[in-house]
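To start, the structure under review is shown below, and the notes come after it.
The values are calculated or read from the model by the stated rules, or taken from the named source; none is laboratory data. The shown structure was predicted, so the numbers you read here are calculated from the model rather than taken from an experiment. A quick note on method: Cβ atoms are made from the backbone with ideal geometry, for glycine too, and the neighbour counts reach across all protein chains shown.
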Amino acid sequence: MQLMDWTRRSLLAAAGAGAMALGLGLPVQAQTPPGVLVVGQIAEPKALDPAAVTAVNDFRILMNVYDGLVRYKSGTLEVEPALAESWTISEDGTEYTFKLRDGVMFHDGSAFNADVVKFNFDRMLKEDHPYHNTGPFPLSFFFSAVESVDVIDAQTVKFKLNAPYAPFLSNLAYPTGLIVSQAAVEQHGADFGRNPSGTGPFKFAEWRSNEAVVVEKNPDYWDGAASLEAVVYRPITDANTRTAEMLAGGIDLMVEVPPVALSEFQTDAYRVSEQAGPHVWFLILNAKEGPFADKLVRQAANYAVNKAALVNDVLEGTAEVAAGPTPPAFAWAYNEALEPYPYDPERAKALLAEAGMQNPSVTFFVTEGGSGMLDPVAMGTAIQADLEAVGFSVKIQTYEWNTFLGEVNPGLEGKADMAEMAWMTNDPDTLPFLALRTEAWPDKGGFNSGYYSNPQVDALLDEARTATDQGRRAELYKEMQTIVHDDAPWVFVANWKQNAVTSSKVDNFQLEPSFFLLLKDVVKN
Amino acid sequence: MGSYILKRLLSAIPVLLGITIIVFAIMAMIPGDPATAILGSYATPENVEKLNRDLGLDKPAAARYFIWLGNMLTGDFGQSFALNRPVIHEVLERFSATLVLAGTAFVLCCFFGILAGVVSASRQYGLADKAITFAVLLGISIPSFFLGMMMILLFAVSLKWLPVSGMYAIYGGGDLWDLLKHLAMPATALAVVATGVIARLSRSAMLEVLRQDFIRTARAKGVSEHRVIWGHALRAAMVSIIPVLGIQAGFVLSGAVYIEIVFQWPGVGRMLVDAILKRDILLVQGGVVLVAACYVIFNIMVDVAQSLLDPRIKT
């Protein structure tokens, strides 16, 4: 009995003391201070060297620390001057001469000039450059057309291309084209990625591994100083934990909110932003062999899939139905006349009958996840059900992302009839050029894993690449979209809308169609 | 004793070599390579080949294995592709974070597990026993990551008493009190299942002992019930409880992976999961080898300690 009394009494006392300690001893968790924006990131960055990284997650930091020669005009995917004040393009489209902004300084105090620009591109592109070993530079092929970079004078630099390459300016606006400080690279060598120095609105302050990257306001920014004093980027890999941090006030801004969590933020304490971006989610169809070698069957698949249901039910409204191969975010090159294939199972059945294939059997490669793939397993299952409803017999094979790429990129021949895929690009040229031309079949080093081939499309894309006039390029891309839409080498499914949640203390925040996170004008109260 | 320790240390060498071969072979055989993982959609055969060359992955597997092994013997574990920093820094930093979390959870589960088992056994079929048995069953049945999320919702989101995630506060943190606040939820969530297991086994071990003659003798000669339970019985029961604690220590360490993901704890389990997904070969290999070496050394220490305590184990 003695034991029981002792135990009960001590348990009560312990419980009471514990509750008191929790209730009184612990202050309510401190909110983040005014002027400091805490951003919930999806992963630890690899490096803060723009030439060395490939992840959108890292770009969210870099775009605030560095500038490129050009940048995307706010709210669009059209380029405007940044570190270059103006430029001229030679008649044949192979020489780009940039006039550089005067008096711009890097955060480390060194000056920005034509020599630094040359250093940046030579470092990436020339294997014998003394600082080429600060790489590898996985996306340097964005500039593989660059033959030489010549310094004309301190404020003028000329790029010579080995062939006309219209997406060149867009690529300069991409993070791979951001300009780093030559002095800092020379000082830190391979450690530059942890000691970055740029010209951007924020300068690097601190990187605590697996905890946070901190950047501070650059008061001397050439385009007007930022409103925030500092930005803290916290890597929080688990989406549920990120949501909980947002609800608890541990972060002020959260990107890539899981669709199911969006309803948590439909209150006055939060603001949800959405922005469609240059993303397209599609099914590659094997046009070389099997049922999809017949255009009618490919069109039937486009009619059979209920894209609106995928976008609204599976993706909870975080995407829009795609009409063709080019995302509408490329407003200047997007063909407004294009309508998505309507959901019409009867039409699909009729087309299958016309093709003489009422019950085609197809193998469908599905991935478990991956960059830009949204919710691939659930989407794959829904697509399977839609196709089976019109007579297809669909066998799904699921792969982990890297294995999946290893299966799909070398081509579907002999393995599958269709595969999920998604792309995010920075120019309307990139995706069709790499994935729809005859010259882009996998054995020629491209991503046309479904072996689509149409000489007309090839000719349009080749011409668009050499045209320097944007109006002419737009016409060519629009025509290409009409043909590809009708040929249906893919099932066009969705364009992802990026989302972000900010607390009500954050003002002036806007998502960009480029999916970059630009924080210069953001205010935190 | 010296020769025994030496013998055990020598026998660890083939074990570690075997581990290097196995982990290297697994990383070499799994589909997908780091260049594809880094390049994502842009992984053309040409780009992959160039990047593999830059990363030094174009050599034959056997050559890469011996280069890696040779470098490791000089203390160079290489550079992580995905994090761009030396493998050894990353692994040691992460492993110490895991030890803090798993160590705290282990202390918690030992203390509360044994306490609950003893109280339960000494009041067999009483109210306390039933309550504890019920709580233990509940604890064993709730998956730790689910419990972790529920704790976050209650203590961090609703009550705002504790921080949601991480190891230290971004501002004004860094001291022991800050660490304890961040540790409270993950350590508790991690300890719950092991506490339940230890409590059940302690209870049965205690019941076994309490039925024995020397306990009746102790009671007969007037020893207080408190002393009988905590002095005589528990000491005898510890013989069968301690091996269970050893096994639970392993479970707590491996269970830390889920908890590290839920609470964004910067530990080695989460690091390895990320590294495998990104095909960060050197980080996976180096991480596994270093963690395995720690286990091997820990085991040798346990064996040596046991041989010191128990003369029946031949030295």
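Structure notes:
Okay, residues lined up against (1) modelled with pLDDT under 90; (2) in a loop (DSSP other than H, G, I, E, B):
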position	(1), (2)
A:Gly23	yes, no
A:Pro50	no, yes
A:Phe59	no, no
A:Leu62	no, no
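- Members of segment A:328-339 that are in a loop (DSSP other than H, G, I, E, B) and surrounded by fewer than 17 Cβ atoms within 10 Å (Cβ to Cβ): A:Glu336, A:Ala337, A:Glu339
- For B:Arg94, the criteria (1) at pLDDT below 85; (2) at the interface with chain A (Cβ under 8 Å from one of its Cβ atoms) hold in every case but one, which is (1).
- Some residue of segment A:118-127 being in contact (Cβ under 8 Å) with a residue 24 or more places away in the chain and part of a loop (DSSP other than H, G, I, E, B): no
- Options B:Val252, B:Val288: the member that is touching a residue at least 24 places away in the same chain (Cβ under 8 Å) and under 23 Å from B:Ile88 (Cα atoms): B:Val288
- Residue within segment A:132-145 that is part of a strand (DSSP E or B) and buried (at least 19 other Cβ atoms within 10 Å of the Cβ) present: no
- Tally of residues being more than 24 Å from B:Leu115 (Cβ to Cβ) and part of a helix (DSSP H, G or I) across segment B:159-180: 4
- Candidate set from segment A:260-281 (those that are in contact with a strand residue (DSSP E or B) (Cβ under 8 Å, 6 or more places away or on another chain) and assigned to a loop (DSSP other than H, G, I, E, B)); member that is nearest to A:Val506 (Cα to Cα): A:Ala269
- Only one of B:Ala220, B:Ala199 that is crowded, with 19+ Cβ neighbours inside 10 Å and of a type in the set (Gly, Ala, Ser): B:Ala199
- Residue within segment A:88-95 that is outside any helix (DSSP H, G or I), touching a residue at least 40 places away in the same chain (Cβ under 8 Å) and β-branched (Val, Ile, Thr) present: yes
- Meets criteria (facing chain A (nearest Cβ under 10 Å), farther than 27 Å from A:Ser209 by Cβ and touching a residue at least 12 places away in the same chain (Cβ under 8 Å)) for B:Ser122: yes
- Some residue of segment B:216-224 being touching a residue at least 12 places away in the same chain (Cβ under 8 Å) and within 14 Å of another protein chain (Cβ to nearest Cβ): no
- Screening segment B:44-80 for residues that are touching a residue at least 60 places away in the same chain (Cβ under 8 Å) and farther than 19 Å from A:Glu211 by Cα and picking the one that is surrounded by the most Cβ atoms within 10 Å (Cβ to Cβ) gives B:Phe77.
- Residue within segment A:460-480 that is under 29 Å from A:Glu316 (Cα atoms) and away from every other protein chain (no Cβ under 14 Å) present: no
- Residues in segment A:391-410 that are within 7 Å of chain B (Cβ to nearest Cβ) and of a type outside the set (S, T, N, Q) were compared, and the one that is surrounded by the fewest Cβ atoms within 10 Å (Cβ to Cβ) is A:Gly406.
- Boolean, A:Thr237 is within 13 Å of chain B (Cβ to nearest Cβ), modelled with pLDDT under 95, closer than 17 Å to A:Ile61 by Cβ and not in a strand (DSSP E or B): yes
- Selection of segment B:6-57 for residues being more than 12 Å from every other protein chain (Cβ to nearest Cβ) and among the basic types (Lys, Arg) yields B:Lys7, B:Arg8.
- Residues that are of a type in the set (Asp, Glu) and more than 9 Å from chain A (Cβ to nearest Cβ) were ranked within segment B:258-288; the one that is farthest from B:Val192 (Cα to Cα) is B:Asp280.
- Taking segment B:1-104 as the region of interest, the helices (runs of 4 or more DSSP H) fully inside it that hold 1 or more residues being under 23 Å from the mean Cα position of the chain (by Cα) and over 21 Å from A:Glu44 (Cβ atoms) are B:2-29.
- Flag if B:Ala237 is over 30 Å from B:Thr98 (Cβ atoms) and either more than 12 Å from every other protein chain (Cβ to nearest Cβ) or not in a helix (DSSP H, G or I) (or both): yes
- B:Val193 being farther than 26 Å from A:Ala43 by Cα and either more than 11 Å from every other protein chain (Cβ to nearest Cβ) or touching a residue at least 40 places away in the same chain (Cβ under 8 Å) (or both): yes
- Any hit, segment A:60-72, residues being within 11 Å of another protein chain (Cβ to nearest Cβ) and over 18 Å from A:Ser170 (Cα atoms): no
- Here A:Val36 fulfils each of the conditions (1) in contact with a Gly (Cβ under 8 Å, 6 or more places away or on another chain); (2) surrounded by fewer than 21 Cβ atoms within 10 Å (Cβ to Cβ) apart from (1).
- Check on B:Leu159, free of Cβ contacts under 8 Å to residues at least 12 places away in the same chain, within 23 Å of B:Glu93 (Cα to Cα) and surrounded by fewer than 21 Cβ atoms within 10 Å (Cβ to Cβ): no
- Matching option when the condition is part of a helix (DSSP H, G or I) and either over 18 Å from A:Asn57 (Cβ atoms) or at the interface with chain B (Cβ under 8 Å from one of its Cβ atoms) (or both), among A:Ala225, A:Ala183: A:Ala183
- The residue of segment A:241-292 that is farthest from the chain's Cα centre (by Cα), among those that are among the polar types (S, T, N, Q) and either surrounded by fewer than 24 Cβ atoms within 10 Å (Cβ to Cβ) or away from chain B (no Cβ under 14 Å) (or both), is A:Thr267.
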